1. Give the residue that is farthest from the chain's Cα centre (by Cα), with candidates limited to residues of region 72-110 that are farther than 16 Å from residue 7 by Cβ, in contact (Cβ under 8 Å) with a residue 24 or more places away in the chain and not in a helix (DSSP H, G or I).
2. Which count do you get for residues in region 1-17 that are outside any helix (DSSP H, G or I) and modelled with pLDDT of 95 or more?
């Protein structure tokens, strides 16, 4: 699925997106607020869903090679998060839905 499809399904707002972000393909989803768990992941094309609205979530995504971070629970992002996302070329999305509901919505979209 593409980031544009994900943004539509989750009614997500774009905080930052590099050129062509809409067409980025997502192969897997990882949902966690524990960045130590995120750092143990080894997945290609990963979407990170978290309610941890700090620069650490962006840094962790960069380390594991995730091209997108979705901040859940209608949390706000800081200017530092947006700047870091720009530096690391990571799309930063926000949704009003909790992590669990975001995962359920994506699963339904995929027919799981």
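1. 78
2. Summing the residues that are outside any helix (DSSP H, G or I) and modelled with pLDDT of 95 or more in region 1-17 gives 8.
Each row is one residue, and each column tells you yes or no for (1) in contact (Cβ under 8 Å) with a residue 24 or more places away in the chain; (2) surrounded by fewer than 17 Cβ atoms within 10 Å (Cβ to Cβ); (3) touching a helix residue (DSSP H, G or I) at 6+ places or on another chain (Cβ under 9 Å).
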residue: 3; (1), (2), (3): yes, no, yes
residue: 10; (1), (2), (3): yes, no, yes
residue: 14; (1), (2), (3): yes, yes, yes
residue: 23; (1), (2), (3): no, yes, yes
residue: 27; (1), (2), (3): no, yes, no
residue: 31; (1), (2), (3): yes, no, yes
residue: 34; (1), (2), (3): no, yes, no
residue: 39; (1), (2), (3): yes, yes, yes
residue: 48; (1), (2), (3): no, no, yes
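The values are calculated or read from the model by the stated rules, or taken from the named source; none is laboratory data. All of these numbers come straight from a predicted model, not from anything done at the bench. With ideal geometry, Cβ positions are generated from the backbone for all residues, glycine too; neighbour counts draw on all protein chains shown.
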